[in-house]
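Asks: The following block contains the structure, expressed as structure tokens.
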Amino acid sequence: MSRILLITGASRGIGAATALQAAAAGWQVAVNYRQDQAGAEQVVAGIRAAGGVAQAFQADVADEAQIVGLFAQVLACFGRLDGLVNNAGATAPMGRLDSFSASRIQHMLQLNVAGPMLCCREAVRHMSTSHGGQGGAIVNVSSAASRLGSAGEYVDYAACKGAIDTLTLGLAREVASEGIRVNAVRPGLIETGIHAISGEPGRVARLAPGVPMQRGGQPDEVAAAIIWLLSDAASFCTGSILDVAGGR
């Protein structure tokens, strides 16, 4: 029986690459998006064209009611849930902390911390053997920013990703005996649209010389790590945080 995977923020970038690789590995994929319906439908079409099974689901993971509704829709469509990739998240325009408004900080925390935490809550409620589930795997997408700090760029985003690292460690230990593995990846400088949204489309090229491998990474390289952590090949891995950052 094919396993069912929900990926938040899967209409582009790392989420889209993960959806395509997951389908190729045999997962049926729930492709979540907030605004980019065309992008999500393109990902779904690509999966179906290759013989896979996928469906797009709209929900803003900064909103608890929409998160609960998302999981309900996925369960209604597929009948079960075996995996979650907590990928949705965003930075904001680059700057110093002393220029950030309270509303910006609150939004960043809601989207990048509360949202993934609530998605984990819903996944545990559906997958944990203590709730009648059959177990599963969660992979949280953190960032190398959590250990670098992103000074002068987005300290708030970096702090949010530090919270994701801690969430991963704590939840992994909390549900390890209930059939759920919880791990994280920490991407470094990856060629995605997140840099343009932050105000510097050329950020990867600017910082690449400081990466030991002398380049930025590709979404497919991060997706491959996520797929491995979801797979049975990683069956004894939980509470692990895997850097995919070129040595940076």
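Asks: For residue 31, only one of the following conditions fails: (1) assigned to a helix (DSSP H, G or I); (2) under 21 Å from residue 135 (Cα atoms); (3) among the β-branched types (Val, Ile, Thr). What is its number?
Replies: Only one criterion is unmet by residue 31, namely (1).
Asks: Moving to a separate point now. When you go through (1) surrounded by fewer than 16 Cβ atoms within 10 Å (Cβ to Cβ); (2) in contact with a helix residue (DSSP H, G or I) (Cβ under 6 Å, 6 or more places away or on another chain); (3) among the basic types (Lys, Arg); (4) within 20 Å of residue 114 (Cα to Cα) one by one for residue 173, which number turns out not to apply?
Replies: Just one mismatch for residue 173, condition (2).
Asks: Does residue 10 meet the test of being assigned to a helix (DSSP H, G or I), buried (at least 22 other Cβ atoms within 10 Å of the Cβ), in contact with a helix residue (DSSP H, G or I) (Cβ under 9 Å, 6 or more places away or on another chain) and in contact (Cβ under 8 Å) with a residue 12 or more places away in the chain?
Replies: no
Asks: Of all residues in region 43-98, which are basic (Lys, Arg) and more than 21 Å from residue 119 (Cβ to Cβ)?
Replies: The answer is 48, 96.
Asks: Step by step: first the residues of region 70-106, then only those that are among the charged types (D, E, K, R) and under 27 Å from residue 186 (Cα atoms), then the one that is farthest from the chain's Cα centre (by Cα). Which residue is that?
Replies: 98
Asks: Okay, moving on. Looking at region 109-138, I want the residues that are touching a residue at least 12 places away in the same chain (Cβ under 8 Å) and part of a strand (DSSP E or B) and have a partner that is surrounded by fewer than 19 Cβ atoms within 10 Å (Cβ to Cβ) and of a type in the set (Val, Ile, Thr) with Cβ atoms under 9 Å, at least 6 apart or on another chain. Which pairs are those?
Replies: Short answer, once both residue conditions are applied: none.
Asks: Within region 13-53, can you find the residues that are surrounded by fewer than 22 Cβ atoms within 10 Å (Cβ to Cβ) and under 17 Å from residue 90 (Cα atoms)?
Replies: 13, 34, 35, 36, 39
Here, each number is a calculation from the coordinates, and none is a lab measurement. Nothing here was measured: the structure is a model prediction, and the numbers come from that model. Positions of Cβ are backbone-derived with ideal geometry, glycine not excepted, and every protein chain shown enters the neighbour counts.
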